[in-house]
Amino acid sequence: MEIRIPEFSLVVLIGEEHTGKTTFAKQFFNDKEIFCTEYCETLLSGDDAPVYKHDSFGLLHSIVTKRLKNGNLTVVDEENLTQSMREKLIQITKKADCYPVAIYFKGKGNLHHEQNLERLKGLSDDAIVRQLKKERFKYVYIIGDDHQFDEVRIIKDLSPSNLKTEQGPFDIIGDVHGCYDELEHLLTKLGYTIKRDIKSKYGFDVIAPKNRKVIFVGDLTDRGPNVVDCFKLAMTMIDEKQAFCVMGNHEAKLLKKLNGRNVKLKHGLEITMEQLEHETEEFKEQLRNFVDQLAIHLEFDNGNLVVAHAGLPERYHGKKSGKIRSFALYGDVAGFDEEGRPIRKDWSLDYEGNATVVYGHVPRKEYYISNKTYGIDTGCVFGGKLTCLQYPELVLVQVQANRVYSEHRDF
């Protein structure tokens with residue numbers, strides 16, 4: 001049996017006493033990852049003073065909360081037989097933007113409680129899964145009653161954002177928006193050699209400077225004159241392990257369109273779709289797959305570098321949720337003005353994280369540095385510049401746009 005667990009998750013063991021939960025926990029998890037009320041009672045107990053159950057549960061929940069806040073996988077080894085017990089843990093994971101995983105043990109244990117209405121005992125496997133999914137457990141697994149775990153295999157899945165072993169050096173490039181000529185100019189200035197090659201998969205051959213790799217902050221698409229070549233160049237470099245890319249809000253909208261969703265053709269998407277009309281169905285499908293697999297944010301260099309299209313506070317680094325996805329794509333949006341434009345808060349002013357965060361999304365005439373964060377969308381498509389931040393050197397390299405391709409009120 002294969003059990004897949006996200007590297008950042010809360011694993012909730014569910015079952016009566018003597019069903020093998022504790023044995024299982026000790027076999028497959030580090031002792032420092034496992035917590036229960038019995039352990040909490042030992043911390044709270046005095047020589048003669050009694051320890052009340054609600055106090056030990058309170059301490060357990062506090063420990064779980066702190067560990068998840070720090071991004072640590074945590075295992076709760078309790079009976080967790082009633083929905084009310086599990087609901088508290090679900091609420092903690094929700095606040096921590098963490099995946100809850102349920103592992104239910106069907107062994108013949110000691111049922112020493114009388115109230116069975118909320119219990120899972122006696123339900124079919126399918127009914128147990130449905131109930132726990134209804135309670136918002138992301139993953140549910142059921143262990144049989146033989147207490148034999150030799151055939152069980154735990155796989156801890158790395159977060160899609162985890163590229164911490166990639167340590168650079170990197171050339172991080174801001175929003176391109178279809179400005180292929182400027183992108184080629186900037187890469188050439190950085191020491192990359194780019195040649196057209198009709199025999200290659202996407203028509204390009206790229207030679208990178210020794211050990212350097214590119215990171216695109218998203219929004220390769222829309223508004224500019226040559227979206228297709230921007231994608232083909234990026235896809236070539238990523239295939240050749242020369243580059244990485246995160247999803248921008250414009251890629252997210254393009255993906256909806258390529259998936260057949262009803263999307264309004266505006267904000268430059270109409271330009272992209274017009275350019276794609278001249279491409280083969282094979283390439284459109286390759287592009288759809290490429291955009292679909294883009295990460296929402298990426299962590300590099302042992303977590304010391306984080307790249308997200310619109311930036312990301314430290315509490316979201318390495319995590320995944322709808323809320324985090326929205327922030328990484330659109331930023332900290334406080335509302336909309338009378339013309340329907342987003343009103344964005346400057347999240348970087350309160351940033352106190354250890355990682356350097358590099359992002360784009362908000363076009364400015366000049367790059368923006370604030371508290372170890374670098375905003376490098378300098379509005380190339382609006383007649384500004386295309387900017388690269390070199391890491392770890394923290395050196396900025398820019399090229400001027402050839403002309404104005406799209407109008408913007410701030411340029």
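The values are calculated or read from the model by the stated rules, or taken from the named source; none is laboratory data. Quick caveat: nothing in here was measured; it's all calculated off a predicted structure. Don't worry about glycine lacking a Cβ; one is built from the backbone with ideal geometry, like all the others, and counts go over all protein chains shown.
Considering every residue within segment 320-342, establish whether at least one is touching a residue at least 24 places away in the same chain (Cβ under 8 Å), more than 23 Å from LEU254 (Cα to Cα) and not assigned by TED's automatic domain parsing to the domain that holds LYS69. I'd like the intermediate steps shown before the answer.
So in segment 320-342, the residues touching a residue at least 24 places away in the same chain (Cβ under 8 Å) come out as 320-321, 323-325, 328-331.
Now drop any that are not more than 23 Å from LEU254 (Cα to Cα), which leaves none.
No, the conditions are met nowhere in segment 320-342.
Quick one: which of LEU287, LEU254, LEU265, LEU276 is under 20 Å from TYR180 (Cβ atoms) and free of Cβ contacts under 8 Å to residues at least 40 places away in the same chain? Talk me through it step by step, then tell me what you get.
Details: LEU287 fails: free of Cβ contacts under 8 Å to residues at least 40 places away in the same chain; LEU265 fails: under 20 Å from TYR180 (Cβ atoms); LEU276 fails: free of Cβ contacts under 8 Å to residues at least 40 places away in the same chain.
None of the other options fit; the residue is LEU254.
Inside segment 65-96, can you point out the residues that are more than 21 Å from GLY353 (Cα to Cα), in contact (Cβ under 8 Å) with a residue 24 or more places away in the chain, polar (S, T, N, Q) and surrounded by fewer than 19 Cβ atoms within 10 Å (Cβ to Cβ)?
THR82, GLN83, SER84
Could you give me the residue pairs with C-beta distances under 9 Å whose first residue belongs to segment 195-206 and is touching a residue at least 12 places away in the same chain (Cβ under 8 Å), whose second residue is among the hydroxyl-bearing types (Ser, Thr, Tyr) and exposed (fewer than 15 other Cβ atoms within 10 Å of the Cβ) wherever it lies, and which are 6+ apart or on separate chains?
From residues that are touching a residue at least 12 places away in the same chain (Cβ under 8 Å), the pairs are ASP205/THR193; VAL206/THR193.
Looking only at residues that are touching a residue at least 60 places away in the same chain (Cβ under 8 Å) and surrounded by 13 or more Cβ atoms within 10 Å (Cβ to Cβ) in segment 388-399, which one is nearest to TYR180 (Cα to Cα)? Quick ask: steps written out before the conclusion?
Kept after step one, since they are touching a residue at least 60 places away in the same chain (Cβ under 8 Å), are these residues of segment 388-399: 388-393, 397-399.
Right, trim to surrounded by 13 or more Cβ atoms within 10 Å (Cβ to Cβ) and you get 388-392, 397-399.
Details: CYS388: 15, LEU389: 18, GLN390: 20, TYR391: 23, PRO392: 26, VAL397: 17, GLN398: 14, VAL399: 12 Å.
By that ranking, first place goes to VAL399.
How about segment 267-384: which helices (runs of 4 or more DSSP H) wholly inside it have at least 2 residues that are among the aromatic types (Phe, Trp, Tyr)? Give the derivation first.
Details: elements: 269-276, 281-292, 322-330.
Per the criteria, 281-292, 322-330.
Any idea how many residues of segment 194-237 are assigned to a strand (DSSP E or B) and within 25 Å of LEU396 (Cβ to Cβ)? Before the answer, list the steps.
Of the residues in segment 194-237, the ones assigned to a strand (DSSP E or B) are 194-196, 204-207, 213-216.
Next, from what is left, pick out any that are within 25 Å of LEU396 (Cβ to Cβ): 194, 206-207, 213-216.
The total comes to 7.
Looking at (1) of a type outside the set (A, V, I, L, M); (2) over 30 Å from LEU163 (Cα atoms); (3) at pLDDT 95 or above, can you tell me which one CYS36 breaks?
(3)
Please find, within segment 385-411, the residue that is modelled with the lowest pLDDT out of those that are of a type in the set (Lys, Arg) and part of a loop (DSSP other than H, G, I, E, B).
Initial filter on segment 385-411 (of a type in the set (Lys, Arg)): 385, 403, 409.
Okay, now just the ones that are also part of a loop (DSSP other than H, G, I, E, B), so 403, 409.
Values: ARG403: 97, ARG409: 84.
This residue is ARG409.
So for segment 268-291 (the condition being within 21 Å of PHE327 (Cα to Cα), surrounded by 18 or more Cβ atoms within 10 Å (Cβ to Cβ) and in contact with a strand residue (DSSP E or B) (Cβ under 7 Å, 6 or more places away or on another chain)), does at least one residue qualify?
No: zero hits.
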